[in-house]
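Here is the structure we will look at.
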Amino acid sequence: MKKTILRYGAYAALAEFLTFVLTWLVIYLFNPGPDVQGNIGYVAIISPLIFIYFGIRYYRDVFNNGSISFLKALKIGLLIVILPAFGYAIVETVYVLVIDPKFYENIYSYEIAQYQKTLSPADFAIKLKEIKQQLALDKNPLFNFSMMVLIIGAFGTIVTLISALILQRKSNKAVIA
C-alpha cells in the first residue's frame, strides 16, 4: 500500500506543479480577466487530483484482487492527498511571497474596485477593512501555506469520497458456512 500511495501521491504532486506552471504561463501570455484567472486556477488545482482515483483503482486491481472496501479506499485516497497538498502549498507560497509578492494585492485591488461600484459607502468601508485584514493574513507565510494545504486537502477529500464510492467492490470469494 505504501508504494501505491507514494507513487500516485508523487504523480499528483508533480501534476499540481506542472499545472501551476502552465497556469502561470497562460495567465502571463494571454492576460485573461481576474474572474477567468480564478477559474483557471481552480481547474489547475482540482484536475491533478484525478490521480487519487487512479491510485485507489490500481491498489484495488493489482494488490487486492479486484476488491476494496469503502474505508480502505478512503484511507488510501486520503494518504495520497498528502503529497500534492504539501507540494502545492510549498510552490504557491514561494510564488506569492518571492516570485510575485503583489499577487494578493492585485486580486484584492480588483475586488475593491468591484465592491466600490456595488456597495454603499458604509458597507464599502466595512468590506475594505475586511479585505485589508485578509491581505495581511495572506502575506503571512505560515497562514498562506496552511490555507493551501487545507484547500487541496478539502478538494482531495471530496475526490477521495467520490472515488471510494465508485471503486468499492466486494470480494468475489464465496463464503462457506
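FYI, it's all coordinate maths here, none of it is from the lab. Only a predicted model underlies this, so the values are computations on that prediction, with no experimental measurement involved. All Cβ positions, even for glycine, are placed from backbone atoms using ideal geometry, and neighbour counts span all protein chains on display.
Determine the pairs where a residue that is in contact (Cβ under 8 Å) with a residue 24 or more places away in the chain, located within segment 101-115, has a partner that is in a helix (DSSP H, G or I) with Cβ atoms under 6 Å apart, the partner being 6 or more residues away or on another chain.
Pairs found: Tyr104/Leu135; Tyr104/Asp138; Tyr108/Ile131; Tyr108/Leu135; Tyr110/Pro34.
Scan segment 89-125 residue by residue and report those that are surrounded by 12 or more Cβ atoms within 10 Å (Cβ to Cβ) and of a type in the set (A, V, I, L, M, F, W, C).
The answer is Ala89, Ile90, Val91, Val94, Val96, Leu97, Phe103, Ile107, Ile112, Leu119, Phe124.
Kindly establish whether Lys72 is surrounded by fewer than 17 Cβ atoms within 10 Å (Cβ to Cβ), over 30 Å from Lys139 (Cβ atoms), basic (Lys, Arg) and out of contact with any strand residue (DSSP E or B) (no Cβ under 9 Å at 6 or more places or on another chain).
So Lys72 does not fit the description; no.
Which numbered condition trips up Met147, out of (1) crowded, with 16+ Cβ neighbours inside 10 Å; (2) touching a Phe, Trp or Tyr at 6+ places or on another chain (Cβ under 9 Å)?
Every listed condition holds for Met147 apart from (2).
Return the residues of segment 108-136 that are under 27 Å from Val21 (Cα atoms) and in contact with a Leu (Cβ under 9 Å, 6 or more places away or on another chain); say none if nothing qualifies.
If the condition is that a residue be under 27 Å from Val21 (Cα atoms) and in contact with a Leu (Cβ under 9 Å, 6 or more places away or on another chain), then Tyr108 is the only one that fits.
Quick check on this structure: which one of Ile5, Ile52, Ile46, Ile27 is surrounded by 13 or more Cβ atoms within 10 Å (Cβ to Cβ), farther than 22 Å from Thr157 by Cβ and in contact (Cβ under 8 Å) with a residue 12 or more places away in the chain?
Sole residue among the options that is surrounded by 13 or more Cβ atoms within 10 Å (Cβ to Cβ), farther than 22 Å from Thr157 by Cβ and in contact (Cβ under 8 Å) with a residue 12 or more places away in the chain: Ile27.
Check Ala85 against each of (1) touching a Pro at 6+ places or on another chain (Cβ under 8 Å); (2) in contact (Cβ under 8 Å) with a residue 60 or more places away in the chain and name the one condition it does not meet.
Going through (1) touching a Pro at 6+ places or on another chain (Cβ under 8 Å); (2) in contact (Cβ under 8 Å) with a residue 60 or more places away in the chain one by one, Ala85 breaks only (1).
Could you go through segment 34-41 and let me know if any residue there is in a helix (DSSP H, G or I), surrounded by fewer than 17 Cβ atoms within 10 Å (Cβ to Cβ) and hydrophobic (A, V, I, L, M, F, W, C).
yes
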